[in-house]
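> Just passing along the structure, written as structure tokens.
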There are 2 protein chains.
Amino acid sequence: MIQPWKKKGEKVDYDCGFFQVTVKNSASPVTGKEHPFYVLNTWDWVNVIAITDDGKIPMVNQYRHGSEAFSLEIPGGAVDRNDGHALEGAKRELLEETGYEAREWVELGKIRPNPAILNNTCHIYLAKGAKKVADLDLDEAEELEVQLHTLAEIEAMIRQGQLTHALVIAAFQLYALHVKK
Amino acid sequence: MIQPWKKKGEKVDYDCGFFQVTVKNSASPVTGKEHPFYVLNTWDWVNVIAITDDGKIPMVNQYRHGSEAFSLEIPGGAVDRNDGHALEGAKRELLEETGYEAREWVELGKIRPNPAILNNTCHIYLAKGAKKVADLDLDEAEELEVQLHTLAEIEAMIRQGQLTHALVIAAFQLYALHVKK
């Protein structure tokens, strides 16, 4: 049976205001030897699959600076982890990024964006009975385009490599397993 | 129609040897105003869903220092992006982390772990006719346990929040869409 590593110390090695890099010195349970592990300390995230009563899912298309390309995604964003108000964050992001509200909210799951190098959780919600109620309300560095797609269109775009964001693809896997249940 | 941002400059702001943080100054296509964007510059990754002829999938359970918890995952690792030998990397990681080889390899997709803050791609492979041929061959700071699971068991673990790694869940969504085709 494998054992957890033992953290001997950690310190913030870098801070850009959006995330910190923490270096952790942890000892192997097998050899006792210490190794450094570099981890990003950041907010929790929320992502929302909202569905209208006629089966349309509002998606946002936006330019992303990691990939330097457009990315088609479900609405979402960062939430305060200590605060824990993931559902409120999900409602806010859906409204701000798409102008939609929903009748019923279901938590599809809490996933780890990357447990090796990120310390955060992404909360995935299903928002049923979604309806457009407002215009977009975006931050200054946020420019995006809302598109409505059916689930079949989204599955085709994932297959064809047009929708590539791992967290979005994972959200649709959680949704598929939720529906299959 | 939304337009791409225009990168005016970038510099490496931090380098821990495993990844770099690059700050990009990019101008909005709408306002012309520049904003800083902090992005992790790292290797591409590979992940492998290997399946034996009797429907078992080798998984690896290992302690992760971002989440400070154990994480059940499919085998995978980092590959040189310039090199582009993702398939060779996938074969190597499957063999080293599980001792398995496979008869037939299929690329299920190339996904973006996080296009907002990571510049890399994760290559997802399906390895059919997997068979154990060797013992594990691990790096010094790598300690893991191999477990064999059926797809039904994996889906149940995703549903119940026991398998939470987003890239792994995304890989099973690609697999489900591949099988459904």
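The values are calculated or read from the model by the stated rules, or taken from the named source; none is laboratory data. Because the structure is a prediction, the values reported are computed rather than measured. As a convention, Cβ positions derive from the backbone with ideal geometry for all residues, glycine included, and neighbour counts pool all protein chains shown.
> In the stretch A:2-24, what count of residues is obtained for those that are aromatic (Phe, Trp, Tyr), more than 17 Å from A:ALA116 (Cα to Cα) and modelled with pLDDT of 95 or more?
Final tally of qualifying residues: 1.
> Ok, one more. Examine the stretch B:54-74 for a residue that is in the same structural domain as B:PHE172 (by TED's automatic domain parsing) and either over 29 Å from B:ILE158 (Cα atoms) or among the aromatic types (Phe, Trp, Tyr) (or both), and state whether such a residue exists.
yes
> Hey, can you tell me all the residues within the stretch B:1-32 that are at the interface with chain A (Cβ under 8 Å from one of its Cβ atoms), more than 30 Å from A:LYS11 (Cα to Cα) and assigned to a strand (DSSP E or B)?
Result: B:LYS7, B:SER26.
> Looking only at residues that are in a loop (DSSP other than H, G, I, E, B) and among the charged types (D, E, K, R) in the stretch A:33-75, which one is nearest to the chain's Cα centre (by Cα)?
Per the stated criteria, the residue is A:GLU68.
> While we're on this one: Please state which of the following conditions A:MET59 fails to meet, knowing it meets all the rest: (1) of a type outside the set (Gly, Ala, Ser); (2) in contact (Cβ under 8 Å) with a residue 40 or more places away in the chain; (3) facing chain B (nearest Cβ under 7 Å).
If we test A:MET59 against (1) of a type outside the set (Gly, Ala, Ser); (2) in contact (Cβ under 8 Å) with a residue 40 or more places away in the chain; (3) facing chain B (nearest Cβ under 7 Å), just (3) comes out false.
> Identify, by number, the condition in (1) surrounded by fewer than 16 Cβ atoms within 10 Å (Cβ to Cβ); (2) more than 7 Å from every other protein chain (Cβ to nearest Cβ); (3) free of Cβ contacts under 8 Å to residues at least 60 places away in the same chain that B:LYS110 doesn't meet.
(2)
> Where in the stretch B:94-181 are the strands (runs of 3 or more DSSP E), entirely inside, with at least 2 residues that are closer than 16 Å to B:TRP45 by Cα?
B:104-111, B:122-132
> From (1) without any contact (Cβ under 8 Å) to a residue 40 or more places away in the chain; (2) crowded, with 21+ Cβ neighbours inside 10 Å; (3) not small (Gly, Ala, Ser), pick out the condition that doesn't hold for A:VAL30.
So the condition that A:VAL30 fails would be (2).
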